[in-house]
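Working notes, beginning with the structure itself.
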Amino acid sequence: KILITGACGQLGSELTAELRRKHGAENVVASDIREPNPQLGEGPFENLDVMDKAALESVIDRHQVNVIYHLAALLSANAEKNLDLAWKLNMDGLLNVLKLARDKNVERVFWPSSIAVFGPDARKEGTPQNSPTNPATVYGITKVAGEQWCSYFYNKFGVDVRSLRYPGLIGYKSLPGGGTTDYAVDIYHKALAGEPFSCFLERDSALPMMYMSDAVKATIDLMEAPEEHIHVRTSYNVAAISFTPADIAESIKKVLPHFEIRYEPDYRQQIAASWPDSIDDSAARSDWGWSHRFSLDAMTKDILANLPSVIENA
Ligand code: VAH
């Protein structure tokens with residue numbers, strides 16, 4: 001059985017839906033510290049705090065879990081405001097998963113890293129796979145440490161744990177949860193509501209981004225790749241598009257000409273400024289055939305076409 005932690009989150013809820021489509025709902029156990037959201041649909045659900053190792057072990061035993069997607073974590077903006085919980089949840093949670101994967105012979109583990117592992121000293125354009133990782137944020141520190149733990153458990157214990165350094169993820173089926181790139185999801189909701197959008201980043205603050213369906217595809221492609229194709233055991237850079245708030249506003253205006261944006265940067269601007277503008281992902285493309293599908297305009301069209309019915313049914 002597949003176990004997903006953080007299944008009610010922005011990525012978790014879309015990954016749960018896709019894995020249930022692929023493998024059958026009864027074979028995918030969704031878990032979260034929150035109550036299941038209706039969007040998860042049918043299938044087994046466990047209320048689970050990943051910091052409770054015994055509770056996690058019980059879920060693994062009861063469902064004969066052999067693959068784990070461990071997504072439960074605090075994202076960058078929330079982590080910056082709650083260092084203690086960020087370290088405990090992001091690190092103890094991951095270590096509980098890796099130790100139990102080792103002891104229970106779990107076949108494969110996925111863990112999300114982030115472009116947040118890069119700091120101000122990394123190249124801003126086309127940041128390379130092997131760039132130094134000196135993050136300027138609490139969240140970035142937990143991701144750098146997490147990558148090293150994944151590499152250690154693979155090399156020392158043979159745990160087949162795989163990871164992607166996600167850029168900002170944007171989708172219409174789920175809401176983001178406390179990240180610095182959340183503006184790029186909220187902007188579409190405001191545009192459709194005909195309301196002006198207040199952006200918490202500066203107009204020219206470029207960030208690496210990816211449409212959610214590309215992110216789900218990258219995750220499953222990585223997890224289905226033969227073990228001998230995986231040469232990076234910290235975490236793979238993956239990229240798709242890179243844009244500024246002004247760029248996404250222009251993309252929206254091509255569909256909704258009256259859309260208005262204003263810029264009111266807050267503490268999240270400092271987080272974004274420490275991250276790269278774009279990422280080099282040639283290692284992922286050559287090792288396991290990664291390639292993105294959606295451009296900014298294609299993503300905007302797809303979201304504005306599909307988001308209204310999601311809002312209606314909410
Ligand atoms: C965040 N959405 O903002 C996440 C992601 C690159 C950004 O790590 O924290």
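Just so you know, all these numbers are worked out from the coordinates, no wet-lab data involved. Just so we're clear, the structure is a prediction, and the values are computed from it rather than from any experiment. When we count neighbours, we look across all protein chains shown, and the Cβ atoms used for this are built from the backbone with ideal geometry, even at glycine.
When all C-alpha to C-alpha distances in segment 248-299 are sorted into bins of 5 Å, what percent of pairs does each bin hold, rounded to whole numbers? Whole-percent P(r) values from 0 Å outward: 4, 13, 12, 15, 19, 18, 10, 6, 1. Counting only Cβ charges, +1 for Lys and Arg and -1 for Asp and Glu, the dipole size of the chain around its Cα centre is about 340 debye. Average 1/r across all pairs of distinct alpha carbons in the chain, invert it, and you get the Kirkwood radius: 19.7 Å. The share of alpha-carbon pairs in segment 137-280 lying farther apart than 20 Å comes to 54%.
The Kirkwood hydrodynamic radius of segment 198-266, based on inverse pair distances between different Cα atoms, is 14.7 Å.
If segment 26-102 were replaced by its equivalent ellipsoid, with semi-axes equal to the square roots of 5 times the Cα gyration tensor eigenvalues, what would those be, largest first, whole Å?
22, 17, 9
Please determine, in degrees from 0 to 90 and to the nearest 10, the orientation of helix 10-23 with respect to the longest principal axis defined by the Cα atoms of the chain, where the helix direction is its Cα long axis. Here the helix axis deviates by roughly 60 degrees.
Under 5 Å from the amide H of S198 lie the amide H atoms of R262, each residue being 5 or more positions distant or on a separate chain, with H modelled from the backbone and absent for Pro and chain starts. Past the 21 Å Cα-Cα mark, which pairs from K190/K254; K81/K173; K217/K253? As for pairs spanning more than 21 Å Cα to Cα, those are K81/K173; K217/K253.
By how many degrees, 0 to 90 and rounded to 10, does the Cα axis of helix 212-224 deviate from the longest principal axis of the chain? Long axis of 212-224 versus the principal axis of the chain: about 20 degrees. Label point of D247 set 7 angstrom out along Cα-Cβ; within segment 167-206, amide nitrogens under 14 Å from it belong to 167-170, 184, 203-206. Once backbone amide H atoms are built at 1.01 Å from N, T127 has S278, I279, D280 as its partners under 5 Å, excluding neighbours fewer than 5 places away on the same chain.
Of the trypsin sites (Lys or Arg not before Pro) found in segment 214-267, those that fall in a DSSP loop while having at most 13 other beta-carbon atoms within 10 Å are K254. With a Förster radius of 30 Å applied to the C-beta separation of Q39 and R293, the computed FRET efficiency comes to 0.85. For N130 and A273, the FRET efficiency from 1/(1 + (r/R0)^6), where r spans their Cβ atoms and R0 equals 25 Å, is about 0.65.
For R123, R34, R20, the sequence from fewest to most other C-beta atoms within 10 Å is R34, R123, R20. When the helices of the chain are scored as -39500 (n - 2.57) per DSSP H run of n ≥ 4 and the total is divided over every residue, the value at 222 nm lands at -12500 deg cm²/dmol.
What is the sum of charges, Lys and Arg at +1 and Asp and Glu at -1, for the other residues whose Cβ falls under 14 Å from the Cβ of L40?
On the way: positive: R20, R21, R34, K173; negative: E14, E18, E26, D32, E35, E42, E46.
Its environment carries a net charge of -3.
Would you please state which residues of segment 85-104 a label at E57 would reach in this model, taking the label point 7 Å out along Cα→Cβ and a backbone N cut-off of under 17 Å? The answer is 92-104.
Alpha carbon centre of segment 78-135 versus segment 245-279: separation in Å? What the calculation gives is 26 Å, centre to centre. Working from Cα pairs under 8 Å separated by at least six residues, relative contact order for segment 187-254 is 50 percent. In segment 12-51, whose amide N lies under 14 Å from the spot 7 Å out along Cα-to-Cβ of N66? List them in ranges. Residues 27-28 fall inside that zone.
Report, in degrees rounded to the nearest 10, the 0 to 90 angle that the Cα long axis of helix 53-62 makes with the longest principal axis of the chain. Tilt of helix 53-62: around 80 degrees.
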